[in-house]
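Trainee: The structure's right below; bear with me while I get my questions together.
The values are calculated or read from the model by the stated rules, or taken from the named source; none is laboratory data. Not measured: the values here are computed from a predicted model. Don't worry about glycine lacking a Cβ; one is built from the backbone with ideal geometry, like all the others, and counts go over all protein chains shown. Calculation scope for accessible area: heavy atoms of the full protein, side chains included, ligands and nucleic acids excluded. Shrake-Rupley method; radii C 1.70, N 1.55, O 1.52, S 1.80 Å.
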Amino acid sequence: TGKKTKKSPETPTNDAFDSLSIETKQAATVVLMLNSPEEEVLLKASEAILRFAEKGDVNRSSLLSLGALEPLLSLISHEDKLIRKNAFMALGSLASHGDVKLLLKKNDAVPQMVAKLSHEDDVVILECATLCLALLSTDFGCKVQIFDNKGMEALIRLLTNPHPNIKKNSVECIYNLVQDSQSLVAVCKLKGISPLLELLHTDVPAIQDVALHTLECITVDRETQAAFRMEKGFDIILDDLHALALKVVCNCLGDSGSVPVIEETGVLEKLLQFVVTSNLHEVQASAIKAISRVARSCENRKILQDKDVEKVLVDLLAVENSNISSAACQTVAVMSENLASRDTFRHLDGIMPIVQLLNSENAEVQEAAAQALSSLTTGNQPNAQVVDDAKGDVLLIRCLQSGNPNAVAHAAITLANMASHESLRDSILSHGAMQALVPHLQYGEKHLIISITQAVASLACDAEGRMEFRNTGGLPPLIKLLLSNDAEVRRNGCWAVSVCASDEPTATEMCKLGALEILQELNLSTSRKNKFSELALQKLLDNNLSVKYSLTGHLSPSDIITDGFYDPGQKKKLALSQQFSRQQSFFLYSEENQKDRKESERQPWTLPCDVAFHNMVTEAAKTILPLQDDTEQYRALAKLVSDAMGGAVNPDELHNFLFELHLSELKHKHQSNIIPIGRIRKGTYYHRAMLFKALADRIGLVCSLVRGSYNRAWNEVFVSRASSGVPGYFHKPQSYIVDLMHDPGNLMRNDSLEAAQYQSI
């Protein structure tokens, strides 16, 4: 037992495994190894995956199909920095494959990637992370994730990273993000303007290009524009001015805040010099657009005018380049908001070349030329005359037939400006303007319809224009505009209707098409009516007195009734009802000579001659006009009317004055409900009042016609009575009712009991 024994070697434990070297040429095996818990295996597997992926697209496609992306994503958060690095590099290599973006999005990779931007300092990891985010940032959902995970803030910090690829990837990602308004505004709030401007000093053209594109996007925001100026952005960007830089400048020169910058930095002089000296048409066009942006401010236009920018623009109109021509015309349009500039362009002979540009086959140039002319001719008759002298009206009407809505709208406004001058209106109409305008009333965008209605209103100021508009079929689509839900379209439609309703034929036709009912209903709505809807209704009634009297029961002294006027009776409702009372109708027609019966039988039906009425007009003119006193004139006319319609009737004997029987006989004789008023020999209140108004209007006496209830109507006149105490002194004119029924010629004070009794039963 005490014998010494030899110690045996240590026996391995049961759960240990001898080290094993594995060599494989199968990508699938290596992908499986990415799931190993051993760091050494993960390190070698990720290195192998990276080398395999870098050999080409076929290998990358193979790795994706084998499911390598998911384990690689899990490894970018591994504790071992080298494993994380290899995993990121492998992902960066795979990122060039078309399907990677979809798989990264599916595996919710954005939060992990964004987190690495703030917690990693390894250049390779940051480069690959920003590369993947730049790829993902083109997707809307991923943009939201990047923003919500504070990715914008981290990306802005990385713009100052010394590594060029990190800068490039970061600014590309930011550019993609700022396509949405939320991120666009955030760049300024996160103080991203300064680092973006610093990127313009880099030697890498690709970084400069993306930085400028990003600045172009974000400087549409007012706060960003102010920040850009505070960061001395003009000083930086004007050091190397080219087309893309000019677009940024253009954005930042449009508001009043740019005025002191323009004066302090000399940016305007640089832009003008650039326009004149550059040999690159694209750059020249961009510089002109920047000047156009400057000119949007009233203060800036004054500065530009002092720099003789009008002459520069006129010289550019001669350059045979569509981009330059378009930009120059647009700038002329903006500068012409300054009244003095409109005259300056004319004095520099700049209008003629703009008119000729309407012949351009380039739609953008044609549109810009029409826009410039619309501004130049606003409130400027000499400019409108120059356009007309250059046969511009023909070219503008041709422009109306183009398929470019903006060009059509500008051409219509130019024609409207020109047509406001009577001397040019006839020429425009003679070239078929109305025929070219009418189709656009039925179809078109809001701004186009508004421009067209304004042109129609300008051209319809005289009878010829209104007749052409009617004959071209313009009334139905115009009236439909009154039903528009757009307030501005409705307002312009009402204005055009008010102009077109300036003569009886057009007003009558519009009433037939339902304009009256539409305007009545429109004016009953406090939310839909406008100042022009009330004017349109009034004009419609003023030029259709038969309807006006039926609806309102009142014709003022300025409402002069003429041949063809008839009384259909009182309309029962003010809106949408066509029902009239059963009161007999009668009309005026006093032409003395009738056509031969055989000839008239071949012609459409016309109103028959009312010889009796014509004779009364002649007698009134002969016997009443020579009277010197207006009171005596009214009394004499009242007696003439009373004698013609049955004489005086005692109020107590009214029930025996059987005028209805007489009217029935006349209706039967004429086979019509409409009776010539001169043939009525027994007439009551409303017959006599109408005849008095008709005769007074013919011989120049002033009176109104008012309809009451129950067959009552009367005439109101204003008379100055002489003072009994002061010779030669007359009292202020007073309103009187003319008695035509009981004591013909008696003038009753309108506010008297006697007048009240006459007006009622």
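Trainee: For the range 378-496, give me every one of the helices (runs of 4 or more DSSP H) that falls completely inside it and has 3 or more residues that are among the hydroxyl-bearing types (Ser, Thr, Tyr).
Mentor: By residue number, 422-430, 446-459.
Trainee: Could I ask something else about it? What's the number of the only condition in (1) surrounded by fewer than 17 Cβ atoms within 10 Å (Cβ to Cβ); (2) part of a loop (DSSP other than H, G, I, E, B) that LEU82 fails to meet?
Mentor: (2)
Trainee: Please return the ranges of helices (runs of 4 or more DSSP H) entirely within the range 173-252 where 1 or more residues are surrounded by fewer than 18 Cβ atoms within 10 Å (Cβ to Cβ) and more than 36 Å from the chain's Cα centre (by Cα).
Mentor: Qualifying helices (runs of 4 or more DSSP H): 193-198, 205-218, 233-237.
Trainee: On to the next question. Looking for whichever is modelled with pLDDT under 80, surrounded by fewer than 19 Cβ atoms within 10 Å (Cβ to Cβ) and of a type outside the set (A, V, I, L, M, F, W, C) here; the options are LYS101, LYS55, LYS44. Which one fits?
Mentor: Matching residue, one of LYS101, LYS55, LYS44: LYS101.
Trainee: On to the next question. Checking VAL314 against (1) open to solvent by 10 Å² or more (accessible area, probe 1.4 Å); (2) under 18 Å from CYS250 (Cα atoms); (3) part of a helix (DSSP H, G or I), which test does it fail?
Mentor: With (1) open to solvent by 10 Å² or more (accessible area, probe 1.4 Å); (2) under 18 Å from CYS250 (Cα atoms); (3) part of a helix (DSSP H, G or I) applied to VAL314, the lone miss is (2).
Trainee: Just wondering, is there one or more residues in the range 108-128 that are under 29 Å from GLU198 (Cβ atoms), open to solvent by 10 Å² or more (accessible area, probe 1.4 Å), over 43 Å from the mean Cα position of the chain (by Cα) and basic (Lys, Arg)?
Mentor: yes
Trainee: Filter the range 292-311 down to residues that are more than 22 Å from HIS347 (Cα to Cα) and open to solvent by less than 20 Å² (accessible area, probe 1.4 Å), then give me how many there are.
Mentor: 2
Trainee: A further question on this structure: Of a type outside the set (Phe, Trp, Tyr), open to solvent by 20 Å² or more (accessible area, probe 1.4 Å) and over 17 Å from ASN543 (Cα atoms), is that true of PRO476?
Mentor: Spelling it out, PRO476 is indeed of a type outside the set (Phe, Trp, Tyr), open to solvent by 20 Å² or more (accessible area, probe 1.4 Å) and over 17 Å from ASN543 (Cα atoms).
Trainee: Ok, one more. Looking at ARG466, ARG491, ARG470, which is the one that is in contact with a Phe, Trp or Tyr (Cβ under 7 Å, 6 or more places away or on another chain) and open to solvent by 10 Å² or more (accessible area, probe 1.4 Å)?
Mentor: ARG491
Trainee: Please count how many residues of the range 713-733 are modelled with pLDDT of 90 or more and not β-branched (Val, Ile, Thr).
Mentor: 5
Trainee: Turning to a different aspect of this structure: Go through (1) more than 56 Å from the chain's Cα centre (by Cα); (2) in contact (Cβ under 8 Å) with a residue 40 or more places away in the chain; (3) open to solvent by 80 Å² or more (accessible area, probe 1.4 Å) for MET645 and report which single condition fails.
Mentor: It fails just one condition, (3).
Trainee: Only one residue in ALA689, ALA694 is part of a helix (DSSP H, G or I), open to solvent by less than 20 Å² (accessible area, probe 1.4 Å), closer than 19 Å to HIS554 by Cβ and touching a strand residue (DSSP E or B) at 6+ places or on another chain (Cβ under 8 Å). Which one?
Mentor: After ruling out the rest, the residue left standing is ALA689.
Trainee: Sticking with this one: Under the condition of being polar (S, T, N, Q) and under 42 Å from the mean Cα position of the chain (by Cα), which residue from the range 157-172 is surrounded by the most Cβ atoms within 10 Å (Cβ to Cβ)?
Mentor: SER170
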